[in-house]
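Chemist: Pasting in a structure now, in structure tokens, and then I'll have a few things to ask.
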Amino acid sequence: MTGETNTILPGVCYRDGKPTAADYNEAITDLLAAKHQLLSGQMMGCDVCGDSGHASQDGCHHDPLVLARQYAAATSIWCCWHCGFTAHNEDEANSHFGLAGTEHPVCISGLINVLHRFTQWLERADDPADDASYLNGEHAEQRATGRNGWDDIREIAADARVLLGPKL
Ligand SMILES: [Zn+2]
Ligand SMILES: [Zn+2]
């Protein structure tokens, strides 16, 4: 790592913009220093940043390869908005989130099923063709619009249908 007099230059991995030839030279120098340290077996005193408390490959935040691997790992994970589950590969992601656009995440599928059953229950109870057997003798006129309890439950079901979306 180098710096000009009176200027604190960020480490090569922390600079903005496209890398320059000098940047690449500096990164290569850091990589060679890290490789040298690895081969030497010296585990204290970082050959890349000079810190006495670690070796470059043990998480030095100036070792270009350590940083590149951290970036690669950080950009290949998916975090569930609903429950916080973190998937680290495509298989884990598919098993939690389901196939894109066609399934609900498993963490909310129980809730979705309850909503679905609720709307189905109301459709059956509210069916004009129902002979009142489903609700033990309550007839259609007793479920008419204007009865507060039934109106409320129809509103709740309407909200549930919006949440369920067109796929279910
Ligand atoms: Zn270091
Ligand atoms: Zn989830």
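Chemist: Does region 44-63 contain any residue that is outside any loop (DSSP other than H, G, I, E, B) and more than 30 Å from the chain's Cα centre (by Cα)?
Modeler: Among the residues of region 44-63, not one is outside any loop (DSSP other than H, G, I, E, B) and more than 30 Å from the chain's Cα centre (by Cα), which makes the answer no.
Chemist: Are any residues in region 138-157 outside any helix (DSSP H, G or I), modelled with pLDDT of 70 or more and surrounded by fewer than 10 Cβ atoms within 10 Å (Cβ to Cβ), and if so, which ones?
Modeler: If the condition is that a residue be outside any helix (DSSP H, G or I), modelled with pLDDT of 70 or more and surrounded by fewer than 10 Cβ atoms within 10 Å (Cβ to Cβ), then Gly146 is the only one that fits.
Chemist: Follow-up question, since we're still on this one. Testing Thr102 on (1) within 16 Å of ligand 1 (Cβ to nearest atom); (2) in contact (Cβ under 8 Å) with a residue 40 or more places away in the chain; (3) not basic (Lys, Arg), one condition comes back false. Which one is that?
Modeler: For Thr102, the failing item is (1).
Chemist: Moving to a separate point now. Would you mention how many residues in region 92-128 are in a helix (DSSP H, G or I) and closer than 26 Å to Glu155 by Cα?
Modeler: Number satisfying all stated conditions: 19.
Chemist: Touching a His at 6+ places or on another chain (Cβ under 7 Å), of a type outside the set (Ser, Thr, Tyr) and within 16 Å of ligand 1 (Cβ to nearest atom): is that true of Cys60 in this structure?
Modeler: Spelling it out, Cys60 is indeed touching a His at 6+ places or on another chain (Cβ under 7 Å), of a type outside the set (Ser, Thr, Tyr) and within 16 Å of ligand 1 (Cβ to nearest atom).
The values are calculated or read from the model by the stated rules, or taken from the named source; none is laboratory data. Quick caveat, the model's predicted, so the values are computed rather than measured. All Cβ positions, glycine included, derive from the backbone under ideal geometry; neighbour counts span all protein chains shown.
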